[in-house]
1. Quick one: TRP49 ticks every box in (1) farther than 16 Å from LEU106 by Cβ; (2) at pLDDT 95 or above; (3) surrounded by 14 or more Cβ atoms within 10 Å (Cβ to Cβ) bar one, so which box is it?
2. Kindly establish whether LEU89 is in contact (Cβ under 8 Å) with a residue 40 or more places away in the chain, assigned to a strand (DSSP E or B), of a type outside the set (Asp, Glu) and in contact with a helix residue (DSSP H, G or I) (Cβ under 8 Å, 6 or more places away or on another chain).
3. Specify which of the listed residues (ALA100, ALA108, ALA112) is assigned to a helix (DSSP H, G or I), more than 16 Å from GLY22 (Cβ to Cβ) and free of Cβ contacts under 8 Å to residues at least 40 places away in the same chain.
4. Out of the residues in the range 20-50 that are under 13 Å from the mean Cα position of the chain (by Cα) and among the small types (Gly, Ala, Ser), state the one that is nearest to GLY70 (Cα to Cα).
Amino acid sequence: MRQTGAAHEATPEAATAASATGERQEGRWRVLPLEGTFEIVYEDSRGAWSTRRVEARELKLGPGRTLLGGIDRGRGGYRGFRADRIRRLTDPASTTRIEAGILDWLLARAEAQRRERAAQIRALSARRRPVKTRAGPREVAA
């Protein structure tokens, strides 16, 4: 199996960072955590358009397609939506409305959230590191 990217380097630190930020491999699929509630206009395999409200959970990058996975509030339960069939995406939190470059926007958002989670992990880790003093190391109060 071919693996590329920083999250797939053969170092324990890279594996730990990837798992801590939620990124994972599922067979040939690379799964990136994604958070947010979106309203999407989706075209199904028959060409019918519908509007869905999705609480995003992940972006799945696989062989030949990308899926936006999340909870579909209108239809109930988890669903995967092919990114190439999303005709419009609206993010009510930021009032962003996208009709072109939807996949690029979703990838950029997943990456920004990954960087934010990694920074939070580093900050927590730095707070928990022992501080060396003349009397020896002691824990820093959080």
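The values are calculated or read from the model by the stated rules, or taken from the named source; none is laboratory data. Just so it is clear, the structure is predicted and the values come from calculations on it, not from any experiment. When we count neighbours, we look across all protein chains shown, and the Cβ atoms used for this are built from the backbone with ideal geometry, even at glycine.
1. Every condition holds for TRP49 apart from (3).
2. So LEU89 fits the description; yes.
3. ALA108
4. Only one residue tops the list, namely GLY36.
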